[in-house]
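The values are calculated or read from the model by the stated rules, or taken from the named source; none is laboratory data. This one's a predicted model, so the numbers in the text were calculated from it and none came from an experiment. Positions of Cβ are generated from backbone atoms using ideal geometry, with glycine treated the same way; all protein chains shown enter the neighbour counts.
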Amino acid sequence: MSGYTMNFRVLEKYTDMFLGGVSITLKVCVGSLVIGFFLGAILAIMKQSKSKLARGIAIVWVDVLRNTPFLVQLFFFYYGLPQLGIYVDPLVVGIVALGINSSAPNCEVIRSGLMAVKTGYYETSTALGYSKFQTFLYVVMPIALRLSFKPLTSNFVNLVLTSSVTYGITLMEIMGVAKTVSARSNRPFEIYLILLVSYCAFTYFVSFVAKAIDRRIHINL
Amino acid sequence: MNVFDYSAYALFKWSDMRMILNATLLTIRVTLLSLAIGTALGLILGLIRCAKNRGLASLPLIIMEPLRNSPLIVQLFLVYYGLPSVGIRFDAYTAAILTLSLNTAAFFAVLVQSSIQSIPRAQWEAGYALGHNKVSVYIRVIAMQAFRLLIPQAITLYISQLQCSSLVSLVSLMDLTKAGQIVAQKTLLPFLVFGIVAAIYYIVSFPLARLSEYLERRTGFNY
């Protein structure tokens, strides 16, 4: 411990690099949030469907994603796609892989939301003359999404934390920038400390906002 | 090269497979060791979280919150690359075990706390009414029931920590993921190699996942 004084000043000249990293991290998070949400919703519907095939696909999909590490999935796409003749930017690979990865927990959450909608709602909307599809779209799905809002946001927080793994495929998001800057400035301790604190701050911010929104939209069935 | 060019698959030799299997052992060793340490530490932290004294109960949060709200890689890099400049030096293996254990402990503590606190007050009162003292109630009434709730969740946590252990490959430890990366680059067969690697992870964690689901269904009870 002795003899080491922390110096954050030397990092000031790397501010632009860090901001670039933040913007890429945000791109990855937002992009994969959208993909993960819609994919998760589709999978949840598939798991609820009567077709055995659709159910089977959804179950295998979720099982495989949950029981293999994200880093391996990332490498699978990053090194594998060029073999099929598809050359894409690491950013795109990162977004798609993370989106697919987050579809698994989202599926579980949305499905439990769907299951919590009581049969009374189905009967009521049938009585009101809604078709099956209309019932699902206008009655069941809105309720299910309201119920699953809070766990979905905690999945989002997890997604943000996991997004740092995309550094493994040379993506210059905040973690990649931190690695580069720590080599250049020789101040790894300060850099990773800042990173740790900022991730915590961001996580708290997201959960705070999520709680505030959830209080407004929450319904008791 | 073409994926459908099957002659290329001859590039994948038995020695490559052996390398992957050896690396699997390291992954398992790192995971088991860090889970053991993490569970013990997490149990202590979780019990402190349940203390009556508010100040004492919030003490573990100082260490738990940063661990739960930041990415594991950042923690790993802080320990492995950051701490040496403060004068604390670990080799990659120790750094990996240390970080993974602390991370596991933080999450395990939450599980311990929530399962103890989900035991209704009436169970405590019943214990006292039967003439148990505080320690005795804790051990014979509360811990037994909390344990049942804890197991399935703990297994889920263990599975996710197994997946997280793949991140130690980023501090140049020769774990399953790292071996996969090396072999994939050598043989130029990424689909095959990462498929095998993913399958190994899957084989280890899938039965555990099903066990956890089964236990959760069996141990769920209403008061």
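Quick notes on this one:
- Residue list for region A:202-221, restricted to those being under 13 Å from A:Arg146 (Cβ atoms), without any contact (Cβ under 8 Å) to a residue 24 or more places away in the chain and assigned to a helix (DSSP H, G or I): A:Arg215, A:Arg216
- Flag if A:Thr126 is within 11 Å of the chain's Cα centre (by Cα) and either part of a helix (DSSP H, G or I) or without any contact (Cβ under 8 Å) to a residue 12 or more places away in the chain (or both): no
- Members of region A:155-172 found to be within 11 Å of chain B (Cβ to nearest Cβ) and surrounded by fewer than 18 Cβ atoms within 10 Å (Cβ to Cβ), listed by number: A:Asn158
- Failed criterion for A:Ala58 (all others in (1) of a type in the set (Gly, Ala, Ser); (2) surrounded by 19 or more Cβ atoms within 10 Å (Cβ to Cβ); (3) within 14 Å of chain B (Cβ to nearest Cβ) hold): (3)
- Only one entry in B:Ile203, B:Ile159, B:Ile196 is assigned to a helix (DSSP H, G or I), touching a Leu at 6+ places or on another chain (Cβ under 6 Å) and either more than 25 Å from A:Gly80 (Cβ to Cβ) or of a type in the set (A, V, I, L, M) (or both), namely B:Ile159.
Residues are listed down the side, and each one gets a yes or a no for (1) crowded, with 19+ Cβ neighbours inside 10 Å; (2) out of contact with any strand residue (DSSP E or B) (no Cβ under 7 Å at 6 or more places or on another chain); (3) within 11 Å of chain A (Cβ to nearest Cβ); (4) not basic (Lys, Arg):
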site	(1), (2), (3), (4)
B:Val30	yes, yes, no, yes
B:Ile48	no, yes, no, yes
B:Ser58	no, yes, no, yes
B:Asn69	yes, yes, yes, yes
B:Leu72	yes, yes, yes, yes
B:Gln75	yes, yes, yes, yes
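- Consider region B:11-25 and keep the residues that are assigned to a helix (DSSP H, G or I) and in contact with a helix residue (DSSP H, G or I) (Cβ under 6 Å, 6 or more places away or on another chain). The one that is surrounded by the fewest Cβ atoms within 10 Å (Cβ to Cβ) is B:Leu11.
- The number of residues in region A:196-213 that are buried (at least 16 other Cβ atoms within 10 Å of the Cβ) and farther than 16 Å from A:Leu159 by Cα comes to 0.
- Long-range neighbours under 6 Å by Cβ, at least six apart or interchain, first residue within 19 Å of B:Gln181 (Cβ to Cβ) within region A:77-95, second among the polar types (S, T, N, Q) and not in a helix (DSSP H, G or I): A:Pro90/A:Thr170
- So B:Leu111, is it within 14 Å of chain A (Cβ to nearest Cβ), in contact (Cβ under 8 Å) with a residue 24 or more places away in the chain and either out of contact with any Phe, Trp or Tyr (no Cβ under 6 Å at 6 or more places or on another chain) or crowded, with 16+ Cβ neighbours inside 10 Å (or both): no
- Pick from region A:61-111, criterion among the polar types (S, T, N, Q) and in a helix (DSSP H, G or I), ranking: farthest from the chain's Cα centre (by Cα): A:Gln83
- Failed criterion for A:Asp89 (all others in (1) within 14 Å of chain B (Cβ to nearest Cβ); (2) under 29 Å from B:Ile20 (Cα atoms); (3) surrounded by fewer than 16 Cβ atoms within 10 Å (Cβ to Cβ) hold): (1)
Let's see how each residue does on (1) of a type outside the set (Lys, Arg); (2) in a helix (DSSP H, G or I); (3) surrounded by 11 or more Cβ atoms within 10 Å (Cβ to Cβ); (4) modelled with pLDDT of 95 or more:
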site	(1), (2), (3), (4)
A:Ser2	yes, no, no, no
A:Met6	yes, no, yes, no
A:Leu11	yes, yes, yes, no
A:Tyr14	yes, yes, yes, no
A:Met17	yes, yes, yes, no
A:Leu33	yes, yes, yes, yes
A:Gly36	yes, yes, yes, yes
A:Leu39	yes, yes, yes, yes
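- Subset of region B:49-63 that is in a helix (DSSP H, G or I) and in contact (Cβ under 8 Å) with a residue 40 or more places away in the chain - its residue that is nearest to B:Leu98 (Cα to Cα): B:Ile63
- Test: B:Tyr93 is within 14 Å of another protein chain (Cβ to nearest Cβ) and in a helix (DSSP H, G or I): no
- Cross-chain or 6+ apart pairs with Cβ under 8 Å, region A:173-201 first and free of Cβ contacts under 8 Å to residues at least 12 places away in the same chain and at the interface with another protein chain (Cβ under 7 Å from one of its Cβ atoms), then in a helix (DSSP H, G or I) and charged (D, E, K, R): A:Cys200/B:Glu65
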